[in-house]
1. Residues of the stretch B:171-192 being crowded, with 20+ Cβ neighbours inside 10 Å, part of a loop (DSSP other than H, G, I, E, B) and at the interface with another protein chain (Cβ under 7 Å from one of its Cβ atoms), which ones?
2. Identify, please: which residue in the stretch C:676-694 is surrounded by fewer than 24 Cβ atoms within 10 Å (Cβ to Cβ) and among the small types (G, A, S) and is, among those, farthest from the chain's Cα centre (by Cα)?
3. Does C:C163 meet the test of being in contact with an Asp or Glu (Cβ under 9 Å, 6 or more places away or on another chain), at pLDDT 95 or above and not hydroxyl-bearing (S, T, Y)?
4. Identify, please: which residue in the stretch A:107-130 is of a type in the set (V, I, T) and either facing another protein chain (nearest Cβ under 10 Å) or over 13 Å from the mean Cα position of the chain (by Cα) (or both) and is, among those, surrounded by the most Cβ atoms within 10 Å (Cβ to Cβ)?
5. Hey, among the residues in the stretch C:173-212 that are of a type in the set (A, V, I, L, M) and more than 14 Å from C:V160 (Cα to Cα), which one's surrounded by the fewest Cβ atoms within 10 Å (Cβ to Cβ)?
6. Kindly check whether there is at least one residue in the stretch B:286-300 that is more than 19 Å from the chain's Cα centre (by Cα) and β-branched (V, I, T).
7. Name the residue, out of B:L98, B:L81, that is within 14 Å of another protein chain (Cβ to nearest Cβ), hydrophobic (A, V, I, L, M, F, W, C) and not in a loop (DSSP other than H, G, I, E, B).
Amino acid sequence: MLVEKYKSEIESLLARYPVRRSALIPLLYLAQRETGYITEAAMIEIAGILKLTPPQVYETVTFYTMLNLKQVGTFHIQVCKSLMCALVGSDTLIGWIQTRLGIGPGETTPDGAFTLSTVECLAACGTGPMMQINDDYYERLTEEKLDRILSDLKSTGSSALKTGPFMWPEPLAPKGETSVR
Amino acid sequence: MPKHEPILLKNMSQPGYTGTLAEYEKTGGYQALKKIFGKVSPADVTQLVIKSGLRGRGGAGFPTGVKWGFLPKDYQGPRYLCCNADESEPGTFKDRQLIERDPHQILEGIVLTCYAIGAETAYIYIRGEFVLGARILEEAIGEARRVGYIGKNIQGTGLTVEVWVHRGAGAYICGEETALLESLEGKRGLPRVKPPFPATHGLYNKPTVVNNVETLANLPHIINRGPEWFAAIGSPPKSTGTRIFCVSGHVKRPGNYEVPMGITFRELIYEHAGGMRSDKPLKAFIPGGASAPFLTPDHLDVKMDFESVAAAGSMLGSGGVTIMEEGTSMVWAALRLMEFFYHESCGKCSPCREGSSWLVQTMRRIVAKRGRAQDLETLTDLCKNIAGRTVCAFGDAEVAPIMSTLKHWRPEYIALIHEAEVSNLLRPQPAAARH
Amino acid sequence: MSDTTTGTVRLTIDGIEITVPKDTLVIEAARRVGVMIPHFCYHPKLKPDANCRMCLVEIEKMPKLQTSCSTVATDGMSVRTATTVVNDAHKSVLEFILANHPLDCPVCDQGGKCDLQDFSHEYTATGSRFIETKRVFQKEYFSPVIETEMNRCVQCLRCVRYCDEVMDVKALAPAGRGTMTEIKAFGPHPLDCEFCGGCVQICPVGAITSRLSMYEYRPWMLKRVDTICQYCGDGCQITVQTKDNQLIEVNSSYGAGRNNGDLCARGFFGFHATSHPDRLTKPLIRRNGVLVETTWEEALEYTAQQISRLKQTHGADAFGGLVSSRCTNEDLYLFQKFMRLVIGTNNLDSSARYGHINAVQAMRRVQGTHRWTVTFEDIVDADVLLLVGTSITETNPVAGLRVKEAVKKRQARLFTIEATEPGIDSISNITNLSQQHVGVPTAQFGDALLGLLKAVVDGRHIDPAMQNRSSAYVASLSEALGKLNWTDIEAATGTARDSFLEMAGAIAQERRVVVLAGQDILRSAGGYGACLTLLDLLVLTGKLTEPGCGLAALAEENNDQGAVEMGAVAELLPGALSAAAADTRATLARAWKAELPSAPGATLKEMIDKARAGQLKAMVVVGENPVGSLPAHMDVAGALRSLELLICQELFLTETAVLAHVVLPAAAPPEKTGTWTNEEGHVQAIRPAIEPAGESRADWEILSVLSMLLGTPSAYGESKEVLKEIRSVIPGYGLLGPAPTPPKVDPAAVERYVTGDYRQDLAPRYTLAPRRPKAEGAAWLMRLTQSLFHSGKLSTRAKGLLQLEERAVLRMNRAEAGRLGIADGDRVRVSNPRGELTTTVKLVERVPPGTVWFPDHFAQQASELFDCTIDPVTKVPTFRTASVSIVKVG
């Protein structure tokens, strides 16, 4: 039950808004953080907290791309396929991932580690082709970088190749140091 | 051409700048409020902003001060400021840089705006994918709150401004101001019927101003250095100040470039962004994000200000400039953008909802060499029936790629359809039906 | 020129000039000049959504086409609705909608009454150039009585908006985005809502249809009859549609009747009660202890003989009569005439005795009218609404819609005193909308009212004029209230003094105040007294005689008000005039040209007691089922068995009819003409939609023939003639048609009340209820409650309603059940010294902790548990609460 586990966080979220319903998406993120996707029980509980009906919560969940109603893999690979990334090779990137992991867009590896999705513009058009895996961006990808990222994730669960804070062209390096990347 | 001194990107261009409060203060940050509080009334601040000629940097380009002026004067209840950080227009990535690299610049702009419009609460609606950005903003707000730059009794002035970060959850349409408000209210992000406008019936039906991140980031500078200074930059009187243009596509140095408005596309592409990435010449470019009609090499000398680009048949929009080299299929490019619009259509109004599905399927067929002769007329007709008939500007946006590529590169469409017809002729015919 | 004083604007539509009130939408203005602008998503009951884009028009000086449903008419506006550009726009919108619309017309129930079909016919070319793939939704089971076929949906969202804005249920969700948006309930779960049928009615295409009549007809095959719903006291106008004498469907046209076209589950899905196979079709007579079929001649002659014999032997007062408030005014009038004139006794009663008589007697006493002094429109226009013991959504759902409209659209202030808690369930909960809610058990309603009155005094909200004119009355009440202390009131009601003060202040200061009292309070032990106290509230605050103010007592059965007005109760004559007063008796005697019995008559329970004691020898029971309705310990069956003659006129062989000597088959409301008077006092005509089942006959006809057989001429050829007599007996009565003006408060009655009549029962009324300690081991309070899906027992014959609620479940508070380890669907045994019952539990939010609810309509099963008290003045029996203990069983 979310209320028991996240009582203070929920209270502080509710306090931000004069109308309870505004806390819906933040609470849904909370539920998704907990189980990887939004369960029916979570929707019913959130409806109770916000004094909504479960259908009202459900209709909001289905509108937004980032709220999952079904389980996704441990690492959700979201590759941008909008025009600007496509111009610089996002389709090729998708192909590389398909080859390495054996899954296509919308599919999950049998061990549940990786899910591949194609998504729309992630606001990294100048640094494409790129992808978002869970919370992190990975930009200016090459085949080698992709390999390294996937193996990093498989072994340690995170990769140093994640990008951000964003600035492109690169920020000037402090005097005497080499450029950041 | 002398490289212009950056304004918005200035701090982050300094080596080692990481955007903390202390660093921001060192560069003169958080002084603007002290300059005006008690000396310049909120109404006069609005006048200042009008005088500066600042126009919205999100895409619509509406004069910011004028928008602030629409709030009801004698209304007593709460007012809200929503910072539109839902940067989702394909080709645009400037707000992300501003957020992740210099968050306090935006926060200071928010406080100043709240002072001018009489709002005590501001929500930064940031797209859900910007997880890092949201975290950086939350930390910055925490820093600012701790020293009293945000919250109650700011800098001893008695002014209250609460700022909250509100993450979206993946919907391009929530960048439309009324859809943003709906989403902030916890509902599906469907745009509202206008009128009434957010200025009178906004968040929770209260007077609200929605401003883009970059627009707000300009505020400290306008206050600190004066509207005249700002108005002298760029292409006065209609397009003042700088803009951060996002260059992407087939150029040597894609990225964000802050330049005064009024430079030509040629300058931006060839001088700032290093020109084409290979020996293939430029074939086409989009001047202002996916919603802007495509332009041709003939338009390279158009000035990058609102009026000039509109006169050229497109729009400056979000400032996302995408370059396509020779060899790029324009039909394919239009299809890619149509896929985007089809995926992001909220579904509220019939022309956009059904139209986007129809258009994308027709385009897929044409690109897959299964097009038919009548498809072009159908496409044109459908686009004409969508534009201007929808609840929000999404309808006009979604037909821009197809309309503009049909206009400038019709032969490519015809060629694909011809290929389809030929392959159809060559395909073995089914046996004639027996009667 | 806009007239700012009266608020109008003048505009031109297709060259026709029209003046309309400010804030009128262009589409509405067009309608007024006879121009119908095509639209899907617009509906006058809903906030404009402007999503279908079908209503685009050209407006001078506006560059783009504008949606007329969201554009407010302004002065000097010039609108063109039929130019080439506009027509092309209509065509294009239709083309877009038809792109994904399946070619379902041959199998779609909406065919023939479909907006999409109609507009396509008017605007579109016959061919389609859409050669892509239509989006497909897999058909899913949606609910037992409502069907969805999402491929047909045009995403106008009228269903969602109606369910939200009008019904406040919010059970429908547009799920998904873009073209893949479909209307669902909660995920894959079937729809769980009020099943009012509103979404079915408002869907412009065949995306949401009724399963009850699926595939049964084409609209042009149906005969349509406008009549009134037979269930509750709201008196909604329905259109009954039949084919080949079969009941097919019921709906209600926009703007029709007192209900404005809105219905509830009972009205929309409950019409099959009439065509249940168990309907009695032939008269029955008891031969050798068994009921066998016979002819009307034999049945009626036998009845007449027996009545004569028993009357000669034992006298008129050995007879008793019971009639149902579901009967028409004509039935009721002739029934009481039969009992009083033909038999010669005042021993007669109707089901108005179960609660409605409490309200009517209180109104007669204080304000001198037997009808409301307000209407549904006054409820919508009210500034303050006080709901007391109404359970309005379950009992009077359409009156509830007026309350919701007042609160949601006009920002009326709502205060509730209910035995319900706020909470979100699958049906709407009016207390969710209230500004102040007092949640108390029914036994404490009186205490809550005393708190409110005390707040009027303490908060200095007594009307100054009242203070001057009736200072003794004001002083008496103030003194009595002064004896109560706030600590006790707060403890009894669980509500703080400040809440009462806020309510009292609003009631006193706002202009239009309407108080609604419903079944929970009218059927509780202090029902009559509570109505008097509510009237005291209106009197004290000076509101009783103000326009737009008054007491609105909601009625449970459709003609409860008519029963009282027709004199179908022991103490009242037609016109709700006192049977005890010699002059009113004399007037009626003159009209009937005969003597009237003067001995006061026995009421419901008194007749049962007399029957058991052998003082009553015969009873005529028309449509009533006291064996099924009254608690077991009263042994009504035993009492009736001791009768020498029991005549039942009935639709079904009920628990009472099964004991009768003669059972006469009665025609059901959809089979006859007549009038009903709804709770507002509006007399509305009912019209037959089908032939009477088998050999059944209208009640008034049967009584008329019986009268003749008993020697009293009573030749009424049609029910119209009965109505004519009613009109002559009760002058000024029964104007049919649009709502007549409600009666005004009679100043003489008020004067009589405040100058001394109030003293009769002031002390007991102004005393807090004794706090009864909980019985040993009986930790729960069990209540018989009304279900939204049923009405009395009649609705349990309707197959549509049985699909929504087919048996009784015990409703318990979700959180409390959780704490006690009881889950949804668990079996429990409910018991007290009187009896026991095993049933299933259903968890809901609104049941107050410590209480469980059992639906009245299946109460025969729980009948052992309740005992019965009688109001000393109004003789209303109360038997709806009991203390019980509850144990989970395996």
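1. Residues satisfying the conditions are B:A171, B:G186, B:R188, B:G189.
2. C:G694
3. yes
4. The residue in question is A:T127.
5. C:M180
6. yes
7. Exactly one residue qualifies, and that residue is B:L98.
Results for (1) buried (at least 24 other Cβ atoms within 10 Å of the Cβ); (2) touching a strand residue (DSSP E or B) at 6+ places or on another chain (Cβ under 7 Å), shown as yes or no for each residue.
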| position | (1), (2) |
| --- | --- |
| C:F338 | yes, no |
| C:I343 | yes, yes |
| C:A359 | yes, yes |
| C:A382 | yes, yes |
| C:T393 | yes, no |
| C:P397 | yes, no |
| C:E405 | no, no |
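The values are calculated or read from the model by the stated rules, or taken from the named source; none is laboratory data. Everything numeric here is computed off the predicted structure, so don't read it as measured data. Cβ coordinates were reconstructed from backbone atoms using ideal geometry, including for glycine residues, and neighbour counts include every protein chain displayed.
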